[in-house]
Amino acid sequence: MNSWDRDKGIVYLVGAGPGDEGLITLKSLNCIRRSQVIVYDYLVNEKLLGYCPEECERIYAGKRAGEHTLSQEEINILLIKKAKEGKIVTRLKGGDPFVFGRGGEEALALVDAGVPFEIVPGVTAAVAASAYAGIPVTHRGLSSSLTLLTGHEDQSKKESTINWDKLATGTDTIVIYMGIKNLSEIVNRLKESGKPGNTPAALIRWGTLNRQQTLTSTLDTITEQAEKARLKPPAILIVGKVVELRKKLKWFDNRPLFGKKIVVTRTRSQASVLSAMLGELGAEVVEFPTIDILPLTDLTPLDEAIRHIEEFSWIVFTSVNGVDIFFKCLFDLGYDSRALHKVKIAVIGKATGKQLTEYGIKPDLIPEVFTSEGTVKAFRSISDNYSGKRILLPGSAISGDLLPEELTKMGAEVLRIPIYHNVIPEYSRERVASLLGVDSENGSPDLVTFTSSSTVRNFVEILEKTGFRRYVNSIRGASIGPVTSGAAEELGVRIAVEAAEQSIQGLVDSILSLFTNTTTYERKL
Ligand code: SAH
């Protein structure tokens, strides 16, 4: 960061990489983390915006083919204006900013305006998408030169500045960006200029993302194949003998869930583990949280209980959120985890237990079966008489009665304290249409995962509210256990697979077995 002129703003022209968020560079990420304004393009993975500070202003500049939300001139003016206000501005672009990214034009405008800037290169689509398709752009004996070309020259130019004759005969591998619209002209030009029609060629769409599509062919047939597959931008065309190597080097699309679109309906904060596991196995994961957790505004009953925590023999946590809210209150009151040294703690699931260890505490009790019934059984296995014991149950405002009732029957004095609400997030009709694949751009989901009865109920309610009730019957669900499956079937959601073990890992295993006939994936993740 420019320490020589801290008061003046600066613009970082940053490459966001080709799509897979893991392909961003550390330097790019550091720019995002410290920026006050981010101006980003259509091809930037929106997950990367999650790394900017909360107060950072996020401006979408568009640039999807045919849709120019801001013109290039307007973008230049915006960058200059924000920097002159003294802001740290990150101009985030797909791939590399200087490879068909108009980064040079933006840098020139900044120079003219006297605005300081730095350039942070990114992984460009040509090398990244090819690598994920198993195509090395150079290869000993097959290709010792690489040319990057645009298939979409400036419309105002009268004649092409691309020397097709020399290119077609003088370079081994050619990668063409933005070539879908003019695909047949490009292919014809290459052939007319001397590239044999049987030269291998591939089209890679949405390279490096789990929705990647790869089509291999030859110059003679690729146009027809692309039309048949209705392949749309963004895609690169790669022409050259190296394409043949894909037959042996294909790896990305070999993962067991590749090509499957799976919807994850957990809360935003809980979704990440399930999404990451499915994503690593190759699935195109769409997060569609059906529950938002809102801590209650008045938590005084919890504060009271914490102040008298030594009076309790047990605390039972039923969710990760419950654990987090509890400890936030505990810390806000000036205590730390040692305040719980005399209390025993039970958790209703592995994830809740893991969250507890984040606060330096090991759970004393985890039931074998992660349900209220399972928890009752686990308590009974320790003792069937809890008289004189107080049990604290901090949880959702809508939690079930079974656990407190059964513990009371065993003599315990149970104190239930609601600490959060579960609410249904609002969704637009367009968002639901794209989720269901009702629009032309997206495919319909192969599976929707449900991790509790409320995820199913809320999912159906969201579909109902947005006018898509009739799609409920065509959904194939994956459920975490019998209670969730029951709720789903009552609402008309077909459950295609149910987890053998009620946990996220169990759910993932069962999904694997549904699509692949195996429950384990040989490679260690
Ligand atoms: N600066 C970018 C390129 C921007 S031009 C870079 O360095 O990658 C936009 C074109 O890039 C798209 O039309 C497409 O041809 C290509 N492209 C970008 N991301 C891509 C991806 N993930 N898969 C395939 N092609 C991609």
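The values are calculated or read from the model by the stated rules, or taken from the named source; none is laboratory data. Since the structure is predicted, the reported quantities are computational estimates derived from the model, not experimental observations. Here the Cβ is made from the backbone with ideal geometry for all residues, glycine too, and neighbour counts use every protein chain on show. Note: accessible area is taken over every heavy atom of the protein model, side chains too, but ligands, DNA and RNA are not part of it. Shrake-Rupley method; radii C 1.70, N 1.55, O 1.52, S 1.80 Å.
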Note to self: Could you check region 193-210 and list, in sequence order, the residues that are within 19 Å of Met178 (Cα to Cα), more than 6 Å from the ligand (Cβ to nearest atom) and surrounded by 23 or more Cβ atoms within 10 Å (Cβ to Cβ)?
What the structure shows: Ala201, Ala202, Leu203
Notebook entry, point to check: If you check every pair at least six apart or on different chains, which have Cβ atoms under 8 Å apart with a residue in region 355-368 that is on the phi > 0 side of the Ramachandran plot first and a residue that is at pLDDT 95 or above and among the hydroxyl-bearing types (Ser, Thr, Tyr) second?
Noted result: Gly360/Ser337
Notebook entry, point to check: Residues Leu393, Leu415: which one is surrounded by fewer than 20 Cβ atoms within 10 Å (Cβ to Cβ), at pLDDT 95 or above and not in a helix (DSSP H, G or I)?
Noted result: Leu415
Notebook entry, point to check: Among all residue pairs at least 6 apart or on different chains, which show Cβ distances below 7 Å where the first residue, located in region 9-31, is among the acidic types (Asp, Glu) and the second is within 13 Å of the ligand (Cβ to nearest atom) and open to solvent by 10 Å² or more (accessible area, probe 1.4 Å)?
Noted result: Asp20/Leu209; Glu21/Asn45
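The rows are residues; the columns are (1) surrounded by 13 or more Cβ atoms within 10 Å (Cβ to Cβ); (2) closer than 29 Å to Thr25 by Cβ; (3) touching a helix residue (DSSP H, G or I) at 6+ places or on another chain (Cβ under 8 Å); (4) of a type in the set (Lys, Arg).
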position: Pro136; (1), (2), (3), (4): yes, yes, yes, no
position: His139; (1), (2), (3), (4): yes, yes, yes, no
position: Thr147; (1), (2), (3), (4): yes, yes, yes, no
position: Thr161; (1), (2), (3), (4): no, no, no, no
position: Asp165; (1), (2), (3), (4): no, no, no, no
position: Gly179; (1), (2), (3), (4): yes, yes, yes, no
position: Leu183; (1), (2), (3), (4): yes, no, yes, no
Next item on the list: Take the residues in region 216-229 that are within 16 Å of the ligand (Cβ to nearest atom) and either under 24 Å from the mean Cα position of the chain (by Cα) or more than 17 Å from Met178 (Cβ to Cβ) (or both), then tell me which one is modelled with the lowest pLDDT.
Entry: Ala229
Next item on the list: Please give the helices (runs of 4 or more DSSP H) falling wholly within region 221-314 in which 2 or more residues are of a type in the set (Lys, Arg) and surrounded by fewer than 16 Cβ atoms within 10 Å (Cβ to Cβ).
Entry: 246-249
Next item on the list: Enumerate the helices (runs of 4 or more DSSP H) found wholly within region 65-174, keeping only those where 2 or more residues are within 13 Å of the ligand (Cβ to nearest atom).
Entry: 103-113, 125-132
Next item on the list: Read through the list (1) assigned to a helix (DSSP H, G or I); (2) within 13 Å of the ligand (Cβ to nearest atom); (3) free of Cβ contacts under 8 Å to residues at least 40 places away in the same chain, then give the number of the only condition that Asn188 fails.
Entry: (2)
Next item on the list: Among what's in region 10-63 and is touching a Phe, Trp or Tyr at 6+ places or on another chain (Cβ under 9 Å), among the β-branched types (Val, Ile, Thr) and away from the ligand (no atom under 16 Å from the Cβ), pick the residue that is nearest to Ala276 (Cα to Cα).
Entry: Ile32
Next item on the list: Can you work out which of the residues in region 96-134 that are open to solvent by less than 30 Å² (accessible area, probe 1.4 Å) and acidic (Asp, Glu) is farthest from Gly9 (Cα to Cα)?
Entry: Asp96
